[in-house]
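S.K.: Below are the structure tokens for one structure; questions will follow.
The values are calculated or read from the model by the stated rules, or taken from the named source; none is laboratory data. The structure displayed is predicted, hence computed values, not measured ones. Counting neighbours? That spans all protein chains shown, and the Cβs are built from the backbone with ideal geometry, glycine included. Keep in mind that these areas ignore ligands, DNA and RNA; they rest on the heavy atoms of the full protein, side chains included. Shrake-Rupley method; radii C 1.70, N 1.55, O 1.52, S 1.80 Å.
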Amino acid sequence: LIGFSNTFSEQISKWKIDTDELEPENFKHKGRHVLKNDAEGNILCTACMLCAETCPVNCIQIKSGLASKKNPRIREPLIFNLNSLECIYCGECVDVCPVDAICLDPSYKLACHSGSVIIWTKEFLQEH
């Protein structure tokens, strides 16, 4: 066995993976969805429904409503739900958004211990 380890030790050391290379910053990773806010804390999403229509697996559900009484022409989503189990993290929703209201952050720890966080609500997507 000593001869075996001497013979293959050089090749085995080539197979070792540097853990720094596994960090999300070092590769193109599409993580968890985030709904962005403006400087005043208002949601940027205008409920145009393009992300829901473009999604290849239909995991986004949006119901629109008026954002404010001051400007009735501005809309925001009353309901913005994203099913995290159905999502394939393709990024089509990010690419199609005309106001850049949704993005994919580099988070890769998406495990959960409760079925209640499978559906990500508007509030959950804004705060994380």
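S.K.: Being closer than 14 Å to TRP120 by Cα and out of contact with any His (no Cβ under 6 Å at 6 or more places or on another chain): is that true of VAL57 here?
M.R.: So VAL57 fails the test.
S.K.: Continuing with the same structure: Specify the residue that is farthest from LYS63 (Cα to Cα); the eligible residues are those in the stretch 100-119 that are touching a Cys at 6+ places or on another chain (Cβ under 9 Å) and surrounded by 13 or more Cβ atoms within 10 Å (Cβ to Cβ).
M.R.: Only one residue tops the list, namely LEU104.
S.K.: Could you go through the stretch 24-39 and let me know if any residue there is open to solvent by 90 Å² or more (accessible area, probe 1.4 Å), within 27 Å of GLY91 (Cβ to Cβ) and modelled with pLDDT of 80 or more.
M.R.: yes
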